[in-house]
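The structure under discussion appears below in the form of structure tokens.
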């Protein structure tokens, strides 16, 4: 059953030194057609390149779409996304990295389970399509290990816990104060929150296959092994945190 309660999609784009890719990403987001009005929120995470300038110019030149640029001085993906969440006006929110690893063309498939009332949270699975290129072996092993550990800790297999593509209804996180500033927010803090929140509605996180085009550290990938080590500790911490 398709519901008509959702009118706007807020796309949260944390960006740190992404001058090479962020404008191409914004055009991709603008081009994708969805059943919802789109609101793009770019959060410049204290970049020291031309990211802020380029995004500001793009917004000025693209008045036909709702777009905002925020400046977050506290460095870290979690800090950036949390800043975006505070000003988002959409009924549904989605995380979108600025590096072109993830394709906005997947939005409609990600939105579908929520629009149809099947769940309030959807995760994209980078291993969902056989044709997807895998990341460097160390990133692949690290990602799989984190998902396995997360499954054991949280008791739910979300297939790809580190995925950027997390989509959820705004009511779930309204007035919730999250704490993590780094990558741990992306999986260790928000995932158990979603699991516990959905349990109240007798729902689960739904998984949708997505396309993935990984880049290397040399090309700008920012997650490091230390993020994984801290992430495991953070998952244990938030497993037992009350909502």
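The values are calculated or read from the model by the stated rules, or taken from the named source; none is laboratory data. Given the structure is predicted, the values throughout are model-derived calculations rather than measurements. Counting neighbours? That spans all protein chains shown, and the Cβs are built from the backbone with ideal geometry, glycine included.
At-a-glance table
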quantity	calculated
Given (1) in contact with a helix residue (DSSP H, G or I) (Cβ under 6 Å, 6 or more places away or on another chain); (2) surrounded by fewer than 17 Cβ atoms within 10 Å (Cβ to Cβ), index of the condition residue 41 fails	(2)
Test set (1) under 18 Å from residue 107 (Cβ atoms); (2) modelled with pLDDT of 95 or more; (3) out of contact with any strand residue (DSSP E or B) (no Cβ under 6 Å at 6 or more places or on another chain); (4) not in a helix (DSSP H, G or I) - residue 3 fails condition number	(2)
Considering residues of the stretch 57-79 that are surrounded by fewer than 16 Cβ atoms within 10 Å (Cβ to Cβ) and in contact (Cβ under 8 Å) with a residue 12 or more places away in the chain only, the residue farthest from the chain's Cα centre (by Cα)	62
